[in-house]
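The values are calculated or read from the model by the stated rules, or taken from the named source; none is laboratory data. Everything numeric here is computed off the predicted structure, so don't read it as measured data. Glycine gets a Cβ as well: all are built from the backbone with ideal geometry, and neighbour counts include every protein chain shown. All accessible areas refer to the heavy atoms of the entire protein, side chains included, with ligands and DNA or RNA removed. Shrake-Rupley method; radii C 1.70, N 1.55, O 1.52, S 1.80 Å.
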Amino acid sequence: MSSENKSVGESQCLSLSFIDDLNPSKDMWTIKCRIIRKWIQPFRMDLVLIDKKGRKIQAGIKAPLIPVFISQLHEDEVVILSRFGVGENNDTYKVVNHGYKINFYRCTVVTLASGWEGVDYGFNFMAHSEILKGEGKNLVTVDVAGIVVSCGDMEVFPNERKRMNFDLQDVQGEVVRCTLWNGYAQQFNDFLTQNNPIENVMAVIQHAKIKLWQGQYTVQNDKFGTRLFLNEEIHEVNELRRRLLVKHFEVGASSSQTILSSQSVFPVRQEFLIDTPKKHVDEIIEIESVMSCVVVATIKIVQENYGWFYPACRNCNKKVLTKTEYLQYAKIISDEVMNLSPTSLVCPKCDKECTSITIKFKVHLRVQDETGSISFVMFDKDVTKLIGSTASDIRERQVKANDTESFPHEISRLVEKKLAFKIEVSDYNLNHDYHVYTIQKLCDDPDILAELVAGNGNGLEVVDEVFSQEGSEIKVERLSESSQMAGAAISKDVVSVTADSSVVEAEKDSGTSPNGKRSLQDVEGQNIGELSSSSKNNRKRSSRVKT
């Protein structure tokens with residue numbers, strides 16, 4: 001049955017029941033719930049639902065009714081269900097520990113609801129130490145989370161079954177072996193491939209099974225009910241990530257150290273020292289084609305006037321816009337968006353109203369090496385690794401302290417930090433003569449930095465070079481024996497010249513720096529409230545929206 005209008009949903013709220021209220025005592029019930037899992041088998045469709053009290057229940061829809069309801073039921077949506085039945089849960093593949101199960105009838109009504117006061121997924125994480133002792137072996141399912149510390153390649157068997165093994169470490173340092181099968185293995189492998197190279201992968205396996213394998217308790221996915229989250233922006237996961245980052249920094253590990261030790265993961269050393277060309281700052285603006293390059297430089301200025309975060313769609317992490325901004329940005333506008341209020345928030349990637357927003361880092365930096373200075377933009381993952389806090393955590397702290405205008409001290413402490421930056425020279429940089437470059441990845445591993453510096457940051461084996469500048473001429477006073485044998489001609493890639501300080505200062509105020517040119521518009525609107533951190537006096541508009 002098709003969804004009814006909003007007024008019907010509001011009237012139903014007056015007689016809502018909770019999942020723990022459900023029993024066989026009557027024929028029809030009405031509940032408000034969130035869909036946290038959905039899967040389809042040839043003979044039926046199944047759901048896992050959670051109410052605002054955090055209680056879960058399974059629901060089943062028989063094959064003839066799937067076409068009626070499939071378009072109305074989507075994971076992560078909040079719905080009001082009414083006129084359904086309650087039966088015994090004797091499912092072969094039980095996912096949650098509840099004695100009853102919801103059954104959809106042809107007369108069942110699904111109403112899309114707004115507003116959700118409960119937890120999003122109802123995680124109940126089990127400590128790895130308890131898993132290793134076998135304490136979860138008799139539970140229906142368990143939730144497991146941690147940092148992936150090693151993984152193998154995906155195996156494909158003759159019967160087309162797929163398997164992937166990896167190790168998951170929790171805050172206490174305990175490691176459990178996890179095995180994913182078939183579609184879950186493919187999902188994990190696709191994530192590694194699409195996000196290559198990977199450093200820190202925060203994995204959550206919801207509704208997993210504890211199995212005994214070769215004398216050791218391991219975690220495996222359930223046949224259907226498991227849900228896999230990889231580096232997702234979820235409150236409970238962010239809290240675990242924060243604690244893991246704090247633990248990571250306490251033991252003195254480099255934030256850029258490769259966490260995964262599988263051949264399927266691109267090594268940081270290979271990426272920074274071999275596969276990506278090295279450049280000095282003064283060479284970047286001379287690049288004439290799209291490419292990535294590595295630059296060793298020191299952060300000299302954190303440009304606070306550009307703010308430090310942006311509000312993003314929780315589903316796709318794209319920066320959200322007000323409807324007014326979206327109308328200027330989009331080429332094709334749906335009727336749904338046109339009917340929204342002017343202050344509604346719209347995700348340009350999802351192309352619809354955004355009702356769930358998260359906070360992401362976006363920090364403008366001025367970096368400098370011995371040849372000059374240039375502007376970079378660092379985004380969420382790298383900032384989080386460097387400072388050990390998430391943007392959501394910092395913003396929540398500011399809101400609670402009623403201090404939403406100050407610039408976070410954690411980010412300010414990045415000044416004078418020397419790093420290797422892998423940056424992108426994009427079509428937009430080239431076509432618009434735009435000299436603010438996006439950081440794709442960074443590395444603070446001291447060994448890698450030392451090797452980059454020893455190679456003059458460009459990977460060439462040149463030693464004992466002393467250059468002096470007289471007017472516009474550069475004289476080479478002493479070359480290595482290998483350079484002398486190569487001939488008198490010296491490539492400009494070999495020469496390293498220290499830029500005059502007055503040139504650096506002038507560049508800071510020129511149109512090539514973020515002070516003279518903005519790469520993004522700030523989201524403004526009543527619905528965002530305190531989300532925008534940029535100073536209004538310094539806002540400038542640009543013709544392109546890119547996050």
Legend entry - Inter-probe distance in nm under a simple model that places probes 7 Å from Cα toward Cβ, at GLN72 and VAL149: 4.8
Inset, instruction - Give me the percent of the accessible area of segment 348-451 that comes from carbon and sulfur atoms, probe 1.4 Å, all protein chains in place. - result: 44
Legend entry - segment 121-167 - percent of accessible surface contributed by carbon and sulfur, probe 1.4 Å: 43
Legend entry - Loop-resident sites, segment 374-422, for GluC sites (Glu not before Pro), counting at most 13 other Cβ within 10 Å (DSSP): GLU405, GLU416
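So which GluC sites (Glu not before Pro) in segment 59-140 are both in a DSSP loop and have at most 11 other Cβ atoms within 10 Å of their Cβ?
On the way: sites: GLU75, GLU77, GLU88, GLU117, GLU130, GLU135; in loops: GLU75, GLU77, GLU117, GLU135.
Qualifying residues, ordered by number: GLU117.
Divide the volume of the convex hull of the Cα atoms of segment 1-160 by its number of residues and quote the answer in cubic angstrom per residue.
Values: hull volume 26.1 nm³, N = 160.
It is 163 Å³ per residue.
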Legend entry - Percent RCO, i.e. relative contact order, over segment 107-183, from Cα pairs under 8 Å lying at least 6 residues apart: 23
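Averaging the inverse of every distinct alpha carbon separation and then flipping it gives the Kirkwood radius. What is it for segment 40-80, in angstrom units?
Radius from the Kirkwood sum: 11.1 Å.
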Inset, instruction - Quickly work out the LYS418-to-GLU336 label distance, labels modelled 7 Å from Cα along the C-beta direction, and quote it in nm with one decimal. - result: 5.2
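Find the eigenvalues of the gyration tensor of the Cα atoms of segment 304-377, then list the square roots of 5 times those eigenvalues as equivalent ellipsoid semi-axes, largest first, in whole angstrom. Let's see the in-between values first.
Working: eigenvalues 205, 33, 20 Å².
The three semi-axes for segment 304-377 are 32, 13, 10 Å.
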Legend entry - Separation of the GLN194 and TRP213 label points, Cα + 7 Å toward Cβ, nm: 2.5
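Can you pull out the trypsin sites (Lys or Arg not before Pro) in segment 309-398 whose DSSP state is coil and whose Cβ has at most 16 other Cβ atoms within 10 Å?
Numbers: sites: ARG314, LYS318, LYS319, LYS323, LYS331, LYS349, LYS352, LYS360, LYS362, ARG366, LYS381, LYS385, ARG395, ARG397; in loops: ARG314, LYS318, LYS331, LYS349.
Here the sparse-neighbourhood loop sites are LYS331, LYS349.
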Inset, instruction - Express the C-alpha Rg of segment 384-425 as a ratio against the empirical globular expectation 2.2 N^0.38 Å, rounded to two decimals. - result: 1.43
Legend entry - P(r) weight above 21 Å for segment 85-153, C-alpha pairs, percent: 55
Inset, instruction - Could you calculate the FRET efficiency of GLU288 with ASN159 from 1/(1 + (r/R0)^6), where r is the beta carbon distance between them and R0 is 60 Å, rounded to 0.05? - result: 0.70
